[in-house]
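Worksheet for the structure shown next.
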Amino acid sequence: MRRVPVSDWVTELAACQAAGFDCFGMIAGVDRVESIEVIASVVRSSDASCELMSTTLDADRTVASIAHVYTGAAWYERELAEMFGVLVAGAGDDRPLLRRTDEGAPTLLKSTILGARVLTPWPGDADAGDDAKANRRRQRAVGVAEGWLVDESGSDD
Amino acid sequence: MTERVIPPNAHSLIGLNPEACTSCMICVRECPVWCIDLASHTHEVTEEGARRPKVVHVLDEFTIDFGACMYCGICVDVCPFDALAWSSEIDPSAHAAGGLVHGIDQLVKWFPASGS
Ligand code: SF4
Ligand code: SF4
């Protein structure tokens with residue numbers, strides 16, 4: 001994976017296209033907690049080789065759109081905006097992708113509390129055997145961060 | 001016409017061997033999409049010569065919702081008793097939401113005869 005400064009994002013990907021990487025693969029966001037990383041993959045159809053490129057966004061969480069270089073990137077840039085709260089500068093299409101509105105926190109940020117994970121009963125919240133339930137210790141599900149569940153006594157555990 | 005053959009090691013579905021399952025809940029808790037559910041009860045068995053009866057778990061219900069399952073295989077990997085295994089059967093379709101929730105009766109048929 002090649003790491004490039006965010007200021008070179010468009011020129012680096014345009015250089016990939018000039019080097020024969022004619023197919024767009026995908027763009028993914030990664031919440032590294034201290035920053036957002038953006039990864040793109042492009043493929044050269046002649047020899048099926050793949051180039052992976054990554055950039056770390058500054059605190060303004062902005063990246064320039066590459067949709068004018070690779071048209072297919074537009075969909076993934078909408079995803080970046082919606083799920084990671086990334087500002088895609090120069091994106092032609094900023095309609096929400098899966099969410100019906102753009103209200104609420106970006107879904108894939110680790111800091112976002114996922115309402116469904118709190119409200120849906122967790123199938124793992126029971127002990128093996130019905131009669132063992134009385135003295136069980138409450139467990140927290142995978143994907144539910146500390147502090148999301150507050151029981152009546154006000155403690156998380 | 002080209003014959004399309006599903007490789008025998010394809011990861012198409014997950015089968016359950018209820019005889020091997022101890023209702024330990026590990027798969028239920030590790031499944032990232034919460035699509036496994038089980039119910040069990042405890043039962044005391046007194047073995048001849050034993051000083052105290054031993055408590056065994058009896059599996060009552062076990063369901064996997066293949067409409068939500070993302071085929072990550074974590075449940076197959078974490079089961080300490082090899083009670084879950086990949087099956088290469090073609091996954092069925094359904095006409096309504098919830099139609100891909102399959103219980104023990106169906107899951108046992110998908111458990112491969114020789115284990116995973
Ligand atoms: S394969 Fe993954 S998603 Fe599907 S039931 Fe197993 S753990 Fe859950
Ligand atoms: S991890 Fe295995 S033994 Fe435990 S409940 Fe799941 S299937 Fe049964």
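The values are calculated or read from the model by the stated rules, or taken from the named source; none is laboratory data. Small disclaimer: the values here were computed from a predicted structure and weren't measured. Backbone-built Cβ (ideal geometry, glycine too); neighbour counts: all protein chains shown.
Between a residue in region B:19-42 that is within 13 Å of residue B:84 (Cβ to Cβ) and more than 8 Å from chain A (Cβ to nearest Cβ) and any residue that is of a type in the set (Gly, Ala, Ser) and within 9 Å of ligand 2 (Cβ to nearest atom), which pairs come within a Cβ distance under 6 Å, given they are 6 or more apart or on different chains?
Every condition considered, the pairs that remain are B:20/B:83; B:21/B:83.
Name every residue in region B:43-65 that is part of a loop (DSSP other than H, G, I, E, B) and exposed (fewer than 11 other Cβ atoms within 10 Å of the Cβ), in order of residue number.
Matches in region B:43-65: B:46, B:47, B:48, B:49, B:50, B:51, B:52.
So for region B:81-90 (the condition being within 14 Å of ligand 2 (Cβ to nearest atom), within 14 Å of chain A (Cβ to nearest Cβ) and either of a type in the set (Asp, Glu) or surrounded by 11 or more Cβ atoms within 10 Å (Cβ to Cβ) (or both)), does at least one residue qualify?
yes
Among the residues of region B:17-25, is there at least one that is β-branched (Val, Ile, Thr) and either within 15 Å of ligand 1 (Cβ to nearest atom) or closer than 30 Å to residue A:114 by Cα (or both)?
No, region B:17-25 contains no residue that is β-branched (Val, Ile, Thr) and either within 15 Å of ligand 1 (Cβ to nearest atom) or closer than 30 Å to residue A:114 by Cα (or both).
Give region A:142-155 a look and list any residue that's more than 24 Å from residue B:36 (Cβ to Cβ) and either modelled with pLDDT of 75 or more or surrounded by 13 or more Cβ atoms within 10 Å (Cβ to Cβ) (or both), or say none.
A:147
Please count how many residues of region B:5-42 are part of a loop (DSSP other than H, G, I, E, B) and either within 16 Å of ligand 2 (Cβ to nearest atom) or surrounded by 13 or more Cβ atoms within 10 Å (Cβ to Cβ) (or both).
Within region B:5-42, residues that are part of a loop (DSSP other than H, G, I, E, B) and either within 16 Å of ligand 2 (Cβ to nearest atom) or surrounded by 13 or more Cβ atoms within 10 Å (Cβ to Cβ) (or both) number 17.
Would you mind listing the strands (runs of 3 or more DSSP E) fully within region A:1-93 where at least 1 residues are among the polar types (S, T, N, Q)?
Result: A:36-44, A:49-56, A:62-64.
What's the number of the only condition in (1) part of a loop (DSSP other than H, G, I, E, B); (2) within 14 Å of another protein chain (Cβ to nearest Cβ); (3) within 13 Å of ligand 2 (Cβ to nearest atom) that residue B:68 fails to meet?
The failed condition is (3).
Looking at A:33, A:10, can you tell me which residue is closer than 17 Å to residue A:106 by Cβ and among the aliphatic types (A, V, I, L, M)?
That would be A:33, the only listed residue that is closer than 17 Å to residue A:106 by Cβ and among the aliphatic types (A, V, I, L, M).
Considering only residues of region B:43-65 that are within 15 Å of ligand 2 (Cβ to nearest atom) and more than 27 Å from residue A:145 (Cα to Cα), which is nearest to the other protein chains (Cβ to nearest Cβ)?
B:57
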